[in-house]
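Input: a single structure, listed below in structure tokens.
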Amino acid sequence: MTSGAYQGPLPVKQPESDFYWEKAQAHELWLRRCNACEHAYFYPRDFCPDCGSRDVSWVQASGKGTLHTFAIVHRAPVPAFRDHVPFVVAMVDLEEGPRIPTNLVDVEPDPAHIHVGMAVEVAFADLTDEITLPVFRPS
Ligand SMILES: [Zn+2]
């Protein structure tokens with residue numbers, strides 16, 4: 001996807017995730033990590049979803065993960081996605097632990113080419129001048 005051409009829905013930035021989006025724009029994937037229970041989590045928020053602690057920090061993710069599950073979308077869920085089908089929605093288990101919803105790119109949208117458990121790595125789709133979306137590709 002190229003900047004300027006994207007007409008689809010966009011994530012709405014929240015104060016808790018400003019840092020996440022700034023780093024995504026720089027083509028880096030960062031996660032929140034709890035200093036109390038040492039658990040990394042997604043999506044970014046100011047408290048740990050496991051233990052409730054507000055003693056949390058940011059850590060840069062390796063960008064490596066494995067494909068937990070996927071679906072190939074052939075029919076656009078909204079008109080804005082018409083030019084993008086078929087595309088692959090996926091859940092990726094990051095090396096650091098969190099499971100994140102994403103898209104799988106740079107792969108044939110065909111079950112013969114995509115396997116649960118396959119190694120994937122982060123890539124970045126610059127949707128607009130403001131929003132870059134972390135996506136994943138086979139590694
Ligand atoms: Zn915690």
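Nothing in this text is a laboratory measurement; each read-out follows from the coordinates by a stated rule. Small disclaimer: the values here were computed from a predicted structure and weren't measured. All Cβ positions, glycine included, derive from the backbone under ideal geometry; neighbour counts span all protein chains shown.
Annotations
- Calculated mean residue ellipticity, 222 nm, the chain: -1500 deg cm²/dmol, from DSSP H runs (n ≥ 4) at -39500 (n - 2.57) each, averaged per residue and rounded to 500.
- Computing Rg and the Kirkwood Rh from the Cα coordinates of the chain gives a ratio, Rg/Rh, of 0.98.
- Of the GluC sites (Glu not before Pro) found in the stretch 1-77, those in coil by DSSP whose Cβ has at most 13 other Cβ atoms within 10 Å are Glu38.
- Computed label-point distance, nm, for sites Thr69 and Val89 using a 7 Å Cα→Cβ extension: 1.2 nm
- Distance between the 7 Å Cα→Cβ label points at Asn35 and Ser57: 0.7 nm.
- For the stretch 33-95, the Rg and Dmax computed from alpha carbons only, in angstrom: 16.4, 45
- GNM result for the chain, Cα springs below 10 Å: residue of His113, His74, His39 fluctuating most strongly: His113
- Two-decimal Rg/Rh across the stretch 1-77, once Rg and the Kirkwood Rh are taken from alpha-carbon atoms: 1.04
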